[in-house]
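First the structure, in the form of structure tokens, and then the observations on it.
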Amino acid sequence: NIKMTDETSTDEVRNLEGFVNSFPSFGIAAEGRDYVILGKHGDWPVKPISLTIQEKNETRAVAKEDHDFMSRGWKLEDGTFNGLVKLENNEEEQVRINIITVH
């Protein structure tokens, strides 16, 4: 009995990791301090330029940092969210974002 459902559907969707930065901050930051890692530069044949988290109905820019593409300035909580990454060629790629709190 071969279980096809989960494996095939997750293969189509790129999984990203997001982190809630739980360190206390002083003063009120307008920008959130949480971030999503889109992965190594080589993982993306076409450069990602923005990330939308559908449940939040918000979009943030994606920056090419030293090793990874990152999207910062979020206010997130633990859980799994659906996202859309916009690419430099105007295409969009569906992603799933798993968010955890780092202490």
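Each value in this text was obtained by applying a stated rule to the coordinates, not by laboratory testing. Just so it is clear, the structure is predicted and the values come from calculations on it, not from any experiment. Glycine also receives a Cβ, built like all others from the backbone with ideal geometry; neighbour counts cover every protein chain displayed.
So, by mean Cβ neighbours within 10 angstrom, what's the order for 67-75, 39-47 with the highest one leading?
So the peptides 67-75, 39-47, ranked by packing, come out 67-75, 39-47.
Taking θ = phi - 60°, what integer Hz values does the Karplus form 6.51 cos²θ - 1.76 cosθ + 1.60 yield along segment 91-103, in sequence order, with x for Gly and Pro?
Taking θ as phi minus 60°, the curve returns 7, 10, 10, 6, 9, 10, 10, 9, 10, 10, 8, 9, 10 Hz for segment 91-103.
Considering amide H positions built from the backbone, and no H for Pro or chain starts, which residues 5 or more places from Gly39, or on another chain, come under 5 Å of its amide H?
Phe69
Sequence-distant or interchain residues sharing an amide H contact under 5 Å with Glu65, placed H: which?
Placed amide hydrogens put Met70 under 5 Å from Glu65.
Whole-Hz ³J(HN,Hα) for each residue in segment 79-89, computed from phi via Karplus 6.51 cos²θ - 1.76 cosθ + 1.60 with θ = phi - 60°, x for glycine and proline: what do you get?
x, 10, 10, 9, x, 9, 9, 8, 9, 4, 8
Each residue of segment 37-46 in order: what ³J(HN,Hα) in whole Hz does its phi give by Karplus 6.51 cos²θ - 1.76 cosθ + 1.60, θ = phi - 60°, with x for Gly and Pro?
Calculated HN-Hα couplings, in order: 9, 8, x, 4, 3, x, 6, 10, x, 10 Hz.
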